[in-house]
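Engineer: Handing you this structure, nothing more for now.
The values are calculated or read from the model by the stated rules, or taken from the named source; none is laboratory data. Since the model is a prediction, treat every value here as computed from it, not as a measurement. Note that we place each Cβ from the backbone using ideal geometry, even for glycine, and neighbour counts take in every protein chain shown. Ligands, DNA and RNA are excluded from the accessible area calculation, which covers all protein heavy atoms including side chains. Shrake-Rupley method; radii C 1.70, N 1.55, O 1.52, S 1.80 Å.
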Amino acid sequence: MLTLWAPCALQAWAAQPDMSTPIQAQPKAVAAFDFVPRDPAKIPPGEFGDKVRKGYDLMVNTQQLQGRYVGNHLNCSNCHLNNGAQAYSTPLWAGYLAYPAYRAKDHHVDTFAERVQGCFNYSMNGKAPALDSPEVVAISAYAYWLLMGGLLDLSGQVGAPVPELSDKQLQQGGNDPSFVLPEPIAKTIEQMGRQKLPGRGFPALPAPASAPSPDQGQQVYTQHCAVCHGANGDGTYANGMTGMPPLWGEHSYNWGAGMHRIDTAAQFISENMPLGKPIQLTPTQAWDVAAYINSQKRPQDPRFNGNLTSTAHAFHGAEQCYYGQTVEGVLLGGEAQPSATGVTSTPSAK
Ligand code: HEC
Ligand code: HEC
């Protein structure tokens, strides 16, 4: 039986921004904080409403940007479930309130729009639209609207129109003193911290007793996942539409995406999969199946510098992942693959 523990281990020296800096997973909130994002069916008519609606549409049918900004067969909402609205599935509303966010690693402040770009470049294996592009602005508007609508409802201003923001403001996010929270809940949220709205990210999962096993994970996969995602993990795709999303291979997320980390995938899976019957796997099964899907081939990390070892050191040093490691005789991240831009890169290993 193969067991491999992951930390790619070595010193990280960040040369470029690492857009996939992990969100700290939190235990699920026990005390009820009954935030409910505004229902997208209530997006109002008018110019601002149209922008919000476009953001919603891009989240659920991101494939309309295939070949332009998207390089795989995923939609944003395949990971950000329920149109980006579902708590504990990295919901957009909690994310919106958390940016701008300071990242100690490279002394950079990420705006919300920059974080959206990160998911285009890695999770969607594409080439992100510009910060002030209609696409990034629309997704930001949708995230803002889900959040602010829910906050207004929670403040007793049920159904009150969401104040319009300029495109520039929308790109920033809500973690800025100039971003006004509605009374009377403003104080509660400030005490909690704008980056810690319950429901943000994924819930923490107990650490595994021993190293996760891709081998055991394969059995979990066959039993609980293959029926939808396919024996080869490639999901289903027809007429430019994603049916079941791919978990690995050339049409899935790349080696720079947050989901390639074993811990992040285990948290997501434990909370959300199998779809419709979540929280069914034991934590060990979730860890093992995460190790299995993340020990398969997938598109190259776009930050690949021509050398697998030094790319692994630079960007994967502190992660629980298999980038640059050999599992079942396959050197991961070492396969030649065309990038989203059509350039084929052949890693020189070790
Ligand atoms: C393959 C799964 C996947 C897809 C597809 C995906 N994301 Fe993400 N996204 C994640 C994960 C995982 C995280 C959290 C990463 C972490 O913990 O570092 C995340 C984080 C985010 C965040 C920050 C949330 C926060 O609370 O900080 C935003 C905003 C976001 N994604 C937007 C998008 C958009 C917009 C798209 C489509 C263009 C998209 N994502 C597609 C997996 C995905
Ligand atoms: C009943 C069908 C079904 C089963 C069974 C199922 N999934 Fe999924 N899975 C989906 C669908 C559909 C989505 C996209 C959800 C959406 O768009 O709302 C998804 C999304 C995902 C994603 C994020 C998107 C991506 O492609 O990376 C991962 C990871 C994932 N599933 C892993 C698993 C694992 C692991 C199992 C087994 C434990 C599993 N799923 C079982 C249907 C299923």
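Engineer: In nm, what is the difference between 0.36 nm times the number of residues separating Asp34 and Asn61 and their Cα-Cα distance?
Structural biologist: Numbers: separation 27, 0.36 × 27 = 9.72 nm, distance 2.86 nm.
Using 0.36 nm per residue and subtracting the Cα-Cα distance, I get 6.9 nm.
Engineer: Gln157 versus Ser310, label points 7 Å from Cα toward the beta carbon: distance in nm?
Structural biologist: 5.4
Engineer: For segment 197-310, how big is Rg over Rh, using alpha carbon atoms and the Kirkwood form of Rh? It would help to have the intermediate numbers written out before the result.
Structural biologist: Values: Rg = 14.5 Å, Rh = 14.8 Å.
In segment 197-310, Rg relative to Rh is 0.98.
Engineer: Let me ask you something else. What order do Ser140, Ser210 take when sorted by accessible area (1.4 Å probe), most exposed first? Display every interim value, and only then the final one.
Structural biologist: Values: Ser140 0, Ser210 80 Å².
Accessible-area ranking of Ser140, Ser210, largest first: Ser210, Ser140.
Engineer: Sort Ile23, Ile262 by accessible area with a 1.4 Å probe, largest first. Working shown, then result.
Structural biologist: Values: Ile23 65, Ile262 0 Å².
These residues rank, largest area first, as Ile23, Ile262.
Engineer: What distance in nm separates the simple spin-label points at Met192 and Gln219, each placed 7 Å from Cα in the Cβ direction?
Structural biologist: Between Met192 and Gln219, the simple spin-label model gives 4.1 nm.
Engineer: While we're on this one: Could you please state how large a percent of the accessible area of the chain is carbon and sulfur, counting protein chains only and using a 1.4 Å probe? Can you show the working numbers first?
Structural biologist: Working: 8520 of 15560 Å².
Summing carbon and sulfur atoms, their accessible area is 55 percent of the total for the chain.
Engineer: Can I ask one more? What is the Rg over Rh value, at two decimals, for the chain, using alpha-carbon atoms and the Kirkwood definition of Rh? Intermediate results must be reported in sequence, preceding the final value.
Structural biologist: Working: Rg = 19.8 Å, Rh = 20.7 Å.
Reported Rg/Rh, Kirkwood definition of Rh: 0.96.
Engineer: Under the 0.36 nm per residue contour assumption, what length would be gained going from the current alpha-carbon distance of Ala104 and Glu47 to full extension? Walk me through the intermediate numbers first.
Structural biologist: Working: separation 57, 0.36 × 57 = 20.52 nm, distance 3.79 nm.
Taking Ala104 through Glu47 to full extension adds about 16.7 nm, to one decimal.
Engineer: With every protein chain left in place, what is the accessible area of Glu190 in Å² (1.4 Å probe, nearest 10)?
Structural biologist: 90
Engineer: What figure, in Å² to the nearest 10, do you get for the accessible area of Lys168 with a 1.4 Å probe and non-protein molecules left out?
Structural biologist: 140
Engineer: Rank these by accessible area, largest first, 1.4 Å probe: Thr242, Thr222, Thr188. Write out the running numbers ahead of the final one.
Structural biologist: Details: Thr242 30, Thr222 95, Thr188 70 Å².
Listed by decreasing accessible area, they come as Thr222, Thr188, Thr242.
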